[in-house]
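Presented below is the structure to which this report refers.
The values are calculated or read from the model by the stated rules, or taken from the named source; none is laboratory data. On a predicted model such as this, the values are computed, not experimentally measured, just so you know. With ideal geometry, Cβ positions are generated from the backbone for all residues, glycine too; neighbour counts draw on all protein chains shown. Remember, those area values only see protein heavy atoms, side chains included, never the ligands or the DNA or RNA. Shrake-Rupley method; radii C 1.70, N 1.55, O 1.52, S 1.80 Å.
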Amino acid sequence: MNTQSASRKKVILLIALMIFVFAIAFVGFTFPYVLKFGQLETGIMLFFGILAILVTIEIIIIKIAQKKGEKPAIPLVSLIACSILFIIGCIKTAAIIALSYSDIPYVHANAFVMKYTQTRRSTKYKLLFADHQDISKKEIRMAAQISAERNDCLEMAYRENALVIEVRPIKNLGSSTPQECFAH
């Protein structure tokens, strides 16, 4: 009886840790901060999905072992997954905090909305910046913070540090072509 309650406490603690780690990841990927490393963000999100599936399978296996009266194995996949997600989340969170409290000035520029995706939970834009802009990524996917659609031109303010870029829309300039948008 005592080992079952200790095992339940471990599983509950593991689930709480996973929720905390996924909350850090969710906050890190939905605010106006994006990682500077192109496809890395997409790869990290894919990695999160695969880890979530593996952790779910592992929890099911642990529960089955508990019901059979066997001692469940150490949740190795969950521990590794949570550790990796926690480290990534902490690094991105530290970079966001460093940028938020820095004296790096905002650069104003126009961005063209190349793609507009709306789901039940979120709206995302794929933005294109002009080649002459100093921003390190010319295409950025970001959570919507302003009402805009495909082929709209947005007046933006951005700044960046070594790891993240903060992109804030100022106003929608209306529908245009990329050339007209960048000429403003």
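Out of (1) modelled with pLDDT under 75; (2) of a type in the set (Val, Ile, Thr); (3) open to solvent by less than 30 Å² (accessible area, probe 1.4 Å), what's the single condition that is false for Ile62? Looking at each condition in turn, Ile62 falls short on (1).
Could we say that Lys68 is surrounded by fewer than 11 Cβ atoms within 10 Å (Cβ to Cβ), out of contact with any Leu (no Cβ under 9 Å at 6 or more places or on another chain) and not acidic (Asp, Glu) here? Yes, satisfied. Tyr106 falls short on exactly one of the conditions (1) open to solvent by 80 Å² or more (accessible area, probe 1.4 Å); (2) modelled with pLDDT of 85 or more; (3) under 22 Å from Glu180 (Cα atoms), and that condition is (3).
When region 55-75 is filtered for residues that are of a type outside the set (Val, Ile, Thr), assigned to a helix (DSSP H, G or I) and more than 14 Å from Leu14 (Cβ to Cβ), the ones remaining, listed by number, are Ala65, Lys67. Filtering region 71-94 to residues that are surrounded by fewer than 12 Cβ atoms within 10 Å (Cβ to Cβ) and either under 27 Å from Val164 (Cα atoms) or of a type in the set (Lys, Arg) (or both) leaves Lys71, Ile87.
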